[in-house]
Amino acid sequence: MRQKLIIANWKMNGSTVLLERLLPPLVRTSVKPVQVVVCPPMAYLAQAGALLAGSRIMLGAQNASEHNSGAYTGETSVTMVKELGCKYVLVGHSERRHHYGETDDLVADKFASIYKAGLVPVLCIGETEAERDANKTREVVLRQVDAILEKLGPCALFNAVVAYEPRWAIGTGNTATPEQAQSVHQMVREHISEADPIVARHMPILYGGSVNADNIADLLAMPDIDGGLVGGASLESEEFIDTCRAARLLRNSMEESLP
Ligand code: 13P
């Protein structure tokens, strides 16, 4: 069984005060066996790492450079985020693709740096509303996955996570229905399975886009939805803890129903 994973993406939100308010209650709450990862802005990674020290909650970065060091003003390398304690790095988030022109090719290069550093890349994929309306969801998401498969091969996905985040669901309150998300997750898993069935079977595929404590259980009840990438709802302590708890309860009830 794949481990349930809930990743908080704070985007460009937060402050030293907010970290001190949000993280200690999360550390005190046991949501075992769900793996929780928090991705604060780069500026707060060190503070977040200190607040999470000794807990089961892992630290992630929202982005990292494809270069390891050098004259790249304003960039942060995977070695740097690793040194600060990150285990996960988001790559190809739709906001990076959209606002900063990150291409599939650049996303694959960043993915390679993360993977070579021994960190877990969280590859974000997803279509716009116009692409969905034009029946291009399959074409878009598989192209985003193929950019990695073709450049790095399926083994690069072995220790990776995919996050399906339809652009029309991000920050809008319009969550994809569990059936809509499941159909894309299944399609992605089947596609990866053609390249490597073992990788496909083990790889967590998360859903992101207006996930909250009220809708996570229905999403996670789907066979190919292994967790959530949570934006807005991760910035409220109680809401995020409730979201993680809902995921934990679901997993426990599934485990209990196992023979
Ligand atoms: P929201 O949960 O705010 O819709 O954001 C989703 C997201 O982009 C997480 O990476």
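The values are calculated or read from the model by the stated rules, or taken from the named source; none is laboratory data. Note that this is a predicted model, so its numbers are computed, not measured. So basically every Cβ, Gly included, is an ideal-geometry build from the backbone, and we count neighbours across all protein chains shown. Each accessible area value is taken on the protein alone, full model and side chains, heavy atoms only, with ligands, DNA and RNA left out. Shrake-Rupley method; radii C 1.70, N 1.55, O 1.52, S 1.80 Å.
If I go through region 4-28 residue by residue, how many of them are more than 16 Å from the ligand (Cβ to nearest atom) and surrounded by 18 or more Cβ atoms within 10 Å (Cβ to Cβ)?
4
Could you grab me the full set of residues in region 199-234 that are assigned to a helix (DSSP H, G or I), open to solvent by 40 Å² or more (accessible area, probe 1.4 Å) and more than 12 Å from Arg2 (Cα to Cα)?
Asp218, Gly232
Sort out which residues of region 123-145 are surrounded by 15 or more Cβ atoms within 10 Å (Cβ to Cβ) and among the acidic types (Asp, Glu), and write them in order of number.
Glu127, Glu131
On the basis of being within 15 Å of the ligand (Cβ to nearest atom), touching a Cys at 6+ places or on another chain (Cβ under 8 Å) and not small (Gly, Ala, Ser), does Leu229 make the cut?
Considered against the rule, which asks whether it is within 15 Å of the ligand (Cβ to nearest atom), touching a Cys at 6+ places or on another chain (Cβ under 8 Å) and not small (Gly, Ala, Ser), Leu229 comes out as yes.
Does region 30-51 hold any residues that are surrounded by 16 or more Cβ atoms within 10 Å (Cβ to Cβ) and under 27 Å from Ala221 (Cα atoms), and which are they?
Val31, Val34, Gln35, Val36, Val37, Val38, Cys39
Would you mind telling me which numbered condition in (1) within 15 Å of the ligand (Cβ to nearest atom); (2) open to solvent by 60 Å² or more (accessible area, probe 1.4 Å) Cys155 fails?
(1)
Check region 86-101 and report whether any residue there is assigned to a helix (DSSP H, G or I), closer than 15 Å to Glu66 by Cβ, away from the ligand (no atom under 16 Å from the Cβ) and over 18 Å from the mean Cα position of the chain (by Cα).
No, the conditions are met nowhere in region 86-101.
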